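Quick notes on the structure that follows.
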Amino acid sequence: MASDLQTNISGASAPHSGARIGDVVLRTEGLTKHYGGVHALEGANFEIRKGEHVAIMGDNGAGKSTFVRQITAVEQRTRGKIWFDGREVQFEGPLEARHAGIETVFQNLALADDLNVPDNLFLGREKTFWNFLGPFRVLDYKAMRAATMAGLEKTAVKIPNVGQAIRNMSGGQRQCVAIARTATFHSKLTIMDEPTAALGVQETAQVENIIRTLKEDGEPLILISHNMRQVMDLCDRIVVFRRGRICANLRKEETDGQDIVAYITGAKTQPEYADAT
Amino acid sequence: MSGKQQAHGIGGLTFDAKKRHWPNEVNVFGALVLIVAIFEVLGQILMGQSFLFDSAGRFDSIFNEARLTIIILQVSIVGIIAIGSTQVIISGGIDLSPGSVVGVTAMVAMSFAQVAQVNGNANPTAALGDWAHDLPVIAPIAVGLACGLVAGLVNGMIIAYTKIPPFIATLGMMVAARGASKWWTAGRPISFPTENYKALGAGLTPVFIFIGLAILFFLVLRYTVYGKHTYAIGSNEDAARMSGIQVERHKVLVYTIAGLLAAIAALVLSSKNLTAQAGMGVMYELDAIAMTVIGGVSLTGGRGSIVGTVLGALIFGVIISGFTFLRLDAYYQEMVKGVIIVAAVVLDQWRQRRAGTR
Ligand SMILES: Nc1ncnc2c1ncn2[C@@H]1O[C@H](COP(=O)(O)OP(=O)(O)OP(=O)(O)O)[C@@H](O)[C@H]1O
Ligand SMILES: [Mg+2]
């Protein structure tokens, strides 16, 4: 598997071909998704290394969320290859991606309205006992509630009543639940799709703190955001999507807000990505 | 701040931890009490008799036990189906097939439960050859459960893997299974079961089976992963999928269990009636759905419980026996049943809207 990765890294026009292979957490090559005639994602070559926080920016409909959905196998890609954690992967579905160690906050939240906070936090990975009962194994409500409280404590997210259905919570509270969920479970890669889009000032600061904690713990992150300040504050590298293609890959030190905007709007294109028109 | 436990939430809101959410089942229970009270009053006025209480003046009982027994016995067979419908509806689906599955299962199971000799003559309704007569009771039970399992499995597979709406898929099964139950003996009834088979539906056994299954599925829906995922799928199927729940496999399981419950209802019903007929179970699916909806299970999925459904079934039973008690025609019964079903759905939507604006 590792040799696979090596040949592909040296062969492809990878942006960081000098990277040590062991450092690469996730890598995509020619990742493509077509919805019928819509080319939502076209030939994306992307790479993220250990401890790195990478921002993905781009206009609405640029294909950012589509990119995330292919990595996490919420949808099956049209073509392209994905390496994760040192081996080529073809996840059957989001559960497998998560078992492999990819935690995701989806843009459309992925919470079940009628369940409460602990149920949502542990949805699909419930703490249970009597596991010999298979699908009828028994839920350990107590443990899940305790872990939820600890998780919320850690992320400093305050939810007045974790026992109430998510339906009755504000958009920001729901968002915080979704983020607390990813932050509670240690993962090899965290992906957040516009985590602060619906949040107020204080809650945004809270989420940014969670992200900083991830950075301190050395956990890599892909952050999709339209917020320039946030991206410049939190990330090491910015990858710009335009009309389904990656059109720039910029180190934070080498760029600034105006530069990025130029790439987003199409005023500029990096020579490596010249075919991205 | 006084004794109240308060916490500051996002946005600085306070939350009163002592104020409990009012479960919907309380409302359903209230409705049950109200309906019983109405019949009681009408009984006193129109019939000069009590509906609920013992009017024979005996000292050893307060309630009219005979009536209570009839109420619950009447609904227990459809109630078994309603348990299956409850979990199907919570998962965001619907199952129109159980009535017909009852028909075909009763026919097939009864064929394996017949005695060879009736009063010294050969069984006049024998559906199969001699080899199928006087078998141990486990044979018809196993065959019956297999019937329900297959029907439910087919429903589940079609719904999960072809994405055909549950309404259409189970409508197909409803028609096909009814056809199969008529085809089995070209429409002739099948009678004279063995003594052991008779025991399945004798006396209060149906009630015990209903209550036992209700308790079992109450626990399953509330305390197991299966239950949690059923609610999650009904609540937000995409979220369930993204959380890694194997939605398709789960749906197959949900419909299969519904099929099995329909089969159990069929065994009990054919045993109780001592015969199986191709027309058995007609409209049972609708009665079961009605019990479920009256019990506060939301047709949009994600909300409801077995407790609600059991209360819904009791409301059903009270209405039927109340109308008999008042000596009103069965026509009125059905009309009122229809009104109550629609009212329950309207109430559910109204509750949802109110919850949304709270
Ligand atoms: N299931 C789908 N079927 C058809 N087209 C789709 C589907 N999902 C996304 N698209 C299209 O793919 C394109 C990319 O969508 P995507 O959600 O990836 O955008 P985005 O970059 O995340 O935008 P935003 O910043 O608004 O979240 C859009 O033009 C969208 O309309
Ligand atoms: Mg998006």
## Note on the structure
The alpha-carbon center of the stretch B:224-254 and that of the stretch B:98-163 are separated, in whole Å, by 31 Å
## Note on the structure
Largest fluctuation, A:Leu152, A:Leu41, A:Leu115 only, Gaussian network model of chain A with Cα springs under 10 angstrom, belongs to A:Leu115
### Message
As a test of the formula, what do you get for chain B when each DSSP H run with n ≥ 4 contributes -39,500 (n - 2.57) and the sum is divided by the residue count, at 222 nm and rounded to the nearest 500 deg cm²/dmol?
### Response
-21500 deg cm²/dmol
### Task
Under 17 Å from a label point 7 Å along Cα→Cβ of B:Trp350: give me every residue in the stretch B:253-295 with its amide N that close.
B:293-295
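Taking 0.36 nm per residue of sequence separation and subtracting the Cα-Cα distance, how much length would be gained by fully extending the chain between B:Ile215 and B:Ile70, in nm to one decimal?
Working: separation 145, 0.36 × 145 = 52.20 nm, distance 2.05 nm.
Full-extension gain reported as 50.2 nm.
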### Task
Can you bin the protein assembly as shown into rounded, prolate or oblate? Criterion: square roots of the alpha carbon gyration tensor eigenvalues sorted a ≥ b ≥ c, rounded for a/c under 1.5, prolate for a/b above b/c, oblate for the rest.
prolate
### Query
So how far, in whole Å, is the C-alpha centre of the stretch A:107-139 from the one of the stretch A:159-195?
14 Å
### Query
Using θ = phi - 60° and the Karplus curve 6.51 cos²θ - 1.76 cosθ + 1.60, what whole-Hz ³J(HN,Hα) does each residue of the stretch B:124-130 get, with Gly and Pro shown as x?
x, 10, 3, 8, 10, x, 4
### Message
For peptide B:338-347, what's the mean number of Cβ atoms from other chains within 10 Å of each residue's Cβ?
### Response
0
### Query
Using Cα atoms only, what is the angle between the long axis of helix B:284-294 and the major principal axis of chain B, expressed in degrees (0 to 90) to the nearest 10?
20 degrees
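If I take every Cα pair under 8 Å that is 6 or more residues apart in chain B, average their sequence separation and divide by the length, what percent do I get for the relative contact order? Spell out each step's value before the answer.
Details: 612 pairs, mean separation 102.3, N = 358.
Relative contact order comes out at 29 percent.
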### Query
Roughly how many nanometres apart are two label points built 7 Å out from the Cα toward the Cβ at B:Ile45 and B:Ala330?
2.8 nm
### Query
What is the spin-label model distance, in nm, from A:Asp233 to A:Asp256 if the labels are put 7 Å beyond Cα along the C-beta direction?
2.0 nm
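Over both sides of the A-B contact, add up the buried accessible area with a 1.4 Å probe and give it to the nearest 100 Å². It would help to have the intermediate numbers written out before the result.
Working: alone 12990 and 18030 Å², together 28340 Å².
Buried surface at the A/B interface: approximately 2700 Å².
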### Summary
The rounded separation in angstrom of the Cα centers of the stretch B:302-324 and the stretch B:72-91 is 10 Å
### Task
Using a 1.4 Å probe over the heavy atoms of the protein chains, calculate the carbon and sulfur portion of the accessible area of the protein assembly as shown as a whole percent.
60 percent
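Classify the stretch B:41-166 from the C-alpha gyration tensor, please: rounded if a/c falls under 1.5, else prolate or oblate depending on whether a/b exceeds b/c. Kindly include the intermediate steps, with their values, before the conclusion.
Working: a/c = 3.43, a/b = 1.32, b/c = 2.60.
Here the stretch B:41-166 falls in the oblate category.
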### Query
Which residues' amide hydrogens lie under 5 Å from the amide hydrogen of A:Leu250, considering only partners 5 or more residues apart or on another chain, with H built in the peptide plane?
A:Ile238, A:Val239, A:Val240
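Give the percent of DSSP beta bridges with both residues in the protein assembly as shown that are antiparallel, rounded to the nearest 5.
Values: 34 of 50 bridges.
About 70 percent, rounded to the nearest 5.
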### Task
Take every Cα pair under 8 Å in chain A that's 6+ residues apart, average their separations, divide by the length, and report that relative contact order as a whole percent.
24 percent
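May I ask you to derive the relative contact order of the stretch A:140-237, considering only C-alpha pairs under 8 Å and at least 6 residues apart, and to give it as an integer percent?
Values: 76 pairs, mean separation 27.4, N = 98.
RCO, the stretch A:140-237: 28 percent.
Leaving out ligands and nucleic acids, note down the accessible area per residue over the stretch B:291-358 with a 1.4 angstrom probe, in whole Å².
Numbers: 3390 Å² over 68 residues.
With the other protein chains kept in place, the stretch B:291-358 gives 50 Å² per residue.
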### Task
Give me the angle, in degrees from 0 to 90, between the Cα long axis of helix B:205-223 and the longest principal axis of the Cα atoms of chain B, rounded to the nearest 10.
40 degrees
### Query
By its C-alpha gyration tensor, with a ≥ b ≥ c as the square roots of the eigenvalues, how is chain A shaped: rounded for a/c under 1.5, else prolate for a/b larger than b/c, else oblate?
prolate
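The values are calculated or read from the model by the stated rules, or taken from the named source; none is laboratory data. Because the structure is a prediction, the values reported are computed rather than measured. Because the Cβ atoms are built from the backbone with ideal geometry, glycine has one as well, and the counts that use them run over all protein chains shown. For the accessible areas, the whole protein counts, side chains as well, though only heavy atoms, and no ligand, DNA or RNA atoms are used. Shrake-Rupley method; radii C 1.70, N 1.55, O 1.52, S 1.80 Å.
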